[in-house]
1. As I understand it, the value is the acute angle between the Cα axis of helix A:342-368 and the longest principal axis of the Cα atoms of chain A; what does it come to in degrees, rounded to 10?
2. Using 17 Å as the cut-off for backbone N distance, which residues of the range A:81-102 belong to the label zone defined by a point 7 Å from the Cα of A:LYS144 along Cα→Cβ?
3. Grab every C-alpha pair in chain B, bin the distances at 5 angstrom width from 0 up to the longest one, and report whole percents.
4. Which value, in debye to the nearest 20, describes the size of the charge dipole of the range A:166-307 about its Cα centre when Lys and Arg Cβ atoms bear +1, Asp and Glu Cβ atoms bear -1, and nothing else is charged?
5. Angle check, please: helix A:137-156 long axis (alpha carbons) against the longest principal axis of chain A (alpha carbons), in degrees 0 to 90, nearest 10.
6. Give the residue from B:SER52, B:PHE206, B:PRO168 lying farthest towards the positive end of the charge dipole for the protein assembly as shown; charges sit on Cβ (+1 for Lys and Arg, -1 for Asp and Glu) and the dipole is referred to the Cα centre.
7. Under the rule of -39500 (n - 2.57) per DSSP H run of 4 or more residues, summed and divided by the residues of chain A, what mean residue ellipticity at 222 nm is obtained, to the nearest 500 deg cm²/dmol?
8. Over 29 Å between C-alpha atoms is what I'm after, so list which of A:LYS60/A:LYS321; A:LYS399/A:LYS422; A:LYS11/A:LYS176; A:LYS123/A:LYS338; A:LYS36/A:LYS389 land there.
Amino acid sequence: MNIVAVGLNHKTAPVELRERLAVPETRLPDALARLKRWPGIAEGIILSTCNRVELYAVVKEAEQGFDSLRDYLGTIAPEVPHGAITPHLYCLDGRDAIRHLFRVAASLDSMVVGEPQILAQVKEAFEAALGQKSTGVVLNKVVKKALSVGKRVRTETGIAENAVSVSYAAVELAKKIFQNLAGKTVLLVGAGEMAKLAARHLVSAGMQHVMITTRNYDLAVDVAKRFNGVPIPFNEFPHEMAGADIVVCSTGASSYVIGAADVQQALRSRRNRPMFLIDISVPRNIDPAVGALDNAYLYNIDDLQGQIEKNIEQRQREAMKAEDMIRAEVGLVAAWMKSLEVVPTIVALRRKADDIQRAEVERILARMGPVSPRQRQLVEDLASGITNKLLHGPLVALKAEADSPNGALFAEAAQRLFNLEKELEAAPLAEAGERFGAEPSEAAPQGEDAP
Amino acid sequence: MNVLFFEVTLLLYFLGTILFLIQLAGRWEQVSQSSFAIAGIGFFFHTLALVSRMIEAGHIPLTSMHEALSFFSWALVLVFLVVELRYRIHILGSFILPLAFISLISAAALPKEIKALEPIFRNVWMHVTFSLLGTVAFAVAFIAGLMYLIQEHLLKSKHRNVLHHKLPALDFLDDLNSKAISLGFPLLTLGIITGALFAEFARGSFLNWNAEQIGALGTWLFYLVVLLGRVTIGWRAKKAAYLTVVGFAGVIFTLVGVIVKGQHPFA
């Protein structure tokens with residue numbers, strides 16, 4: 001049993017190919033149902049976003065699994081020749097596949113490290129898979145773990161903490177001055193692209209009132225319509241500034257459009273309610289002296305840009321912490337997967353039976369007092385006869401399922417029914433597996449090891 | 001029994017203080033959860049301590065400086081727990097818990113024995129309760145002001161660190177400051193009136209111009225001016241934050257005056 005991942009992302013494939021292979025939400029259930037029936041696939045899940053298309057599956061052998069998944073991917077876009085897809089694919093198995101999924105969920109593999117959407121997208125992919133019952137014991141555990149790791153990375157590292165775009169940085173700052181942006185007013189001075197983008201971000205963050213002023217009044221009216229805002233004649237805006245909590249300035253003017261005296265006046269009529277002024281014009285349009293006024297917070301393009309560069313660096317530092325967290329979690333999941341192998345389960349079951357048998361025989365012999373070697377042999381045979389007969393069924397069933405897609409399910413069931421936790425931890429399983437790999441025959445004298 | 005509960009509380013607040021101070025430096029989800037839990041458990045034991053002391057004393061335990069400081073600390077933690085549950089301003093704990101701990105350890109240093117209540121002091125708890133609750137409100141205003149000044153400094157210097165992210169928005173802090181003072185002022189007023197009535201009743205004079213009475217009146221006047229300034233001429237935001245931080249120094253001075261000068265019937 002192995003877990004494999006086959007896919008392509010923004011780093012390995014151009015958008016032309018990604019969009020061909022993308023599975024839209026509406027077609028996802030069908031695609032999952034087909035994947036579930038695909039030969040060689042025990043469990044499967046499809047993660048399709050604008051930046052990646054990835055298939056994760058539980059298969060018997062990694063190489064065969066890669067082939068099946070590659071073939072399956074080909075059927076998503078039959079018009080694209082096989083040879084055109086393969087060079088863009090990455091194929092991972094075992095720990096590497098698990099680590100990849102964890103890194104994806106934690107947004108470490110995203111175009112913008114720390115972006116928030118991917119975690120939700122993984123969750124949606126998982127829910128779709130649950131809807132089609134295309135996942136089972138293994139993928140359910142692995143994907144759930146990926147979601148919790150992704151969440152932990154977001155809350156316990158600063159990876160998603162600081163904005164990495166100018167307009168979003170402006171929104172984040174605004175939220176540290178005004179708790180609630182709803183009901184606050186933004187004044188756009190000039191209608192450059194950057195200013196409009198910032199305004200759009202502010203509006204989607206909850207700001208409801210927008211005022212716009214430009215030297216060309218018609219343009220202001222036009223932009224105001226788009227934002228559902230109020231146009232203001234350019235020569236009047238300094239008087240209207242008192243009503244604005246946030247001022248976004250980006251005109252083509254070559255000198256200051258807003259002076260310190262204007263802002264001081266506005267603050268006085270606002271009774272010192274704070275104002276946030278964002279100057280994204282070059283050359284600057286707001287007198288830097290405004291920044292020295294109490295309760296006025298002035299940020300220019302360099303302040304925001306500098307912030308963003310620092311933030312990107314910080315995200316990279318935080319990403320290292322995230323990688324450490326992921327490494328630890330991958331180790332745990334890999335160990336769990338190993339425990340789902342059928343052979344170690346058989347070994348553990350056998351070992352448990354032997355231990356019980358030996359202990360019971362010793363106990364009863366101690367109570368019987370002096371016995372002849374023959375009597376002793378009879379007691380031991382009785383005990384081993386019972387254990388072996390009882391275990392025969394489960395062991396045969398486990399062996400038979402070892403290579404089937406249900407193997408993990410049987411192994412897990414056996415572990416829970418016989419409470420094998422301790423035995424699985426007790427000894428290096430791989431080694432023991434070699435010794436006990438063959439099904440023990442009923443007749444084998446089990447008392448051999450007993451003292 | 002009450003002393004045992006008190007000591008358990010002291011230990012828990014100490015632990016809580018350490019955990020909350022650690023959090024100023026970084027983000028650790030588990031530390032943050034356990035610190036809240038420890039504050040909660042500490043508060044539970046503190047409540048037990050107060051109730052058992054009341055039962056042992058047979059009257060409301062607000063008749064000595066030890067008891068007053070303990071109650072003050074209890075009310076501070078109560079405010080933190082309520083605000084945390086309501087607004088999720090976890091960082092408030094990093095300011096309130098140390099204050100509560102300092103107050104409680106000061107209480108621990110003072111004589112703890114339960115004094116027999118002279119009949120004349122039977123109604124003194126009213127004066128003490130009002131004054132202390134007023135002080136709690138001013139302490140909250142002080143903390144809101146302090147947080148405001150830190151956040152304001154970080155925003156102005158364009159230096160954004162963990163603290164910047166954890167501290168709430170400026171207008172929220174200003175609002176908290178304003179609410180706290182609007183609540184604290186009437187409480188202090190009631191405290192002073194009941195205190196004056198009590199002084200008249202016990203000593204025959206409303207006012208005898210000792211240090212802590214002057215301190216109390218000075219504090220009252222100060223907050224009156226702060227309050228009126230906000231309403232009339234826009235003393236809000238940074239100015240209000242400064243004033244409340246300074247004003248609380250006056251409150252502390254009055255409190256220390258009560259302890260040190262010893263003219264107050266409490267000492």
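Here, each number is a calculation from the coordinates, and none is a lab measurement. This one's a predicted model, so the numbers in the text were calculated from it and none came from an experiment. Methodologically, a virtual Cβ is constructed for each residue, glycine included, from the backbone with ideal geometry; neighbour enumeration extends over all protein chains shown.
1. Between the helix axis and the principal axis of chain A, the angle is about 50 degrees.
2. The answer is A:102, whose backbone nitrogens lie closer than 17 Å to the label point.
3. P(r) for chain B, in whole percents per bin: 1, 6, 13, 16, 17, 17, 13, 9, 5, 2, 1, 0, 0.
4. Details: 13 positive and 13 negative charges, 84 e Å.
It comes to approximately 400 debye.
5. Approximately 40 degrees, to the nearest 10.
6. Final value for the positive-end residue is B:PHE206.
7. -18000 deg cm²/dmol
8. A:LYS60/A:LYS321; A:LYS11/A:LYS176; A:LYS36/A:LYS389
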